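Take a look at the structure set out below.
The values are calculated or read from the model by the stated rules, or taken from the named source; none is laboratory data. Bear in mind the structure is a predicted one, so any value in this text is a computation, not a measurement. No Cβ is skipped: glycine too gets one built from the backbone with ideal geometry, and neighbour counts run over all protein chains shown.
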């Protein structure tokens, strides 16, 4: 096992993984925390802070590291050449990962304590957060969301399912935007009952993933009024609880 550490500059909550001059990234990748734009030759990785210097740890192993109780983690495959690097958004800082033999690698991207990191950032406090990239040689395989258990990662990982829910809400109520809005919220809460429980209990941070569903819909009274959306989400979450 070889480990390297370094700092890169995140902006718009983004840093980048470049698989090398002769490497390739998956086309159309979207597992929330890792995406590619069209045929871009790199992977965009999302971090919990909007604009900051972030610490990145890169680990090269010969086989998959054992799973852990992660808050949020995703995996993807890249075709890499010997020089894989992580950069800040638009090149703000460079961390060279351990040299590899050219070929296919599995990449696991983990943010161990992203919610605490984001919460501290929103309070204007420093937090010693780290983004972890684990790499090992492996045949190409579909990308996968391994864990997404906190609000900041919910917002990103719920994107694909939110688009499907928005389509279903439009199909069910083609002429009634208010019903579309209510249905898309209900679909989010029914798919993620643990989120509904958190919201009903008063932890409004957990509305973030549901808001992603509302943004996919982009219609309905209150859809552009954050306070109205928040009130409706809380109301629908409480309706689903015993005694609600």
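Points worth noting:
- Qualifying residue in the stretch 21-35 (condition: surrounded by 15 or more Cβ atoms within 10 Å (Cβ to Cβ), touching a helix residue (DSSP H, G or I) at 6+ places or on another chain (Cβ under 6 Å), under 17 Å from residue 112 (Cα atoms) and modelled with pLDDT under 95): yes
- Residue among 53, 2 that is surrounded by fewer than 17 Cβ atoms within 10 Å (Cβ to Cβ), closer than 23 Å to residue 119 by Cβ and over 18 Å from the mean Cα position of the chain (by Cα): 53
- Residues that are in a loop (DSSP other than H, G, I, E, B) and more than 17 Å from residue 135 (Cβ to Cβ), drawn from the stretch 80-100: 92, 93
- Qualifying residue in the stretch 41-50 (condition: in the same structural domain as residue 15 (by TED's automatic domain parsing), touching a strand residue (DSSP E or B) at 6+ places or on another chain (Cβ under 8 Å) and farther than 22 Å from residue 7 by Cα): no
- Some residue of the stretch 123-132 being farther than 30 Å from residue 190 by Cβ and in a helix (DSSP H, G or I): no
- Residue count for the stretch 101-117 under the criterion of being under 21 Å from the mean Cα position of the chain (by Cα) and in a loop (DSSP other than H, G, I, E, B): the result is 3.
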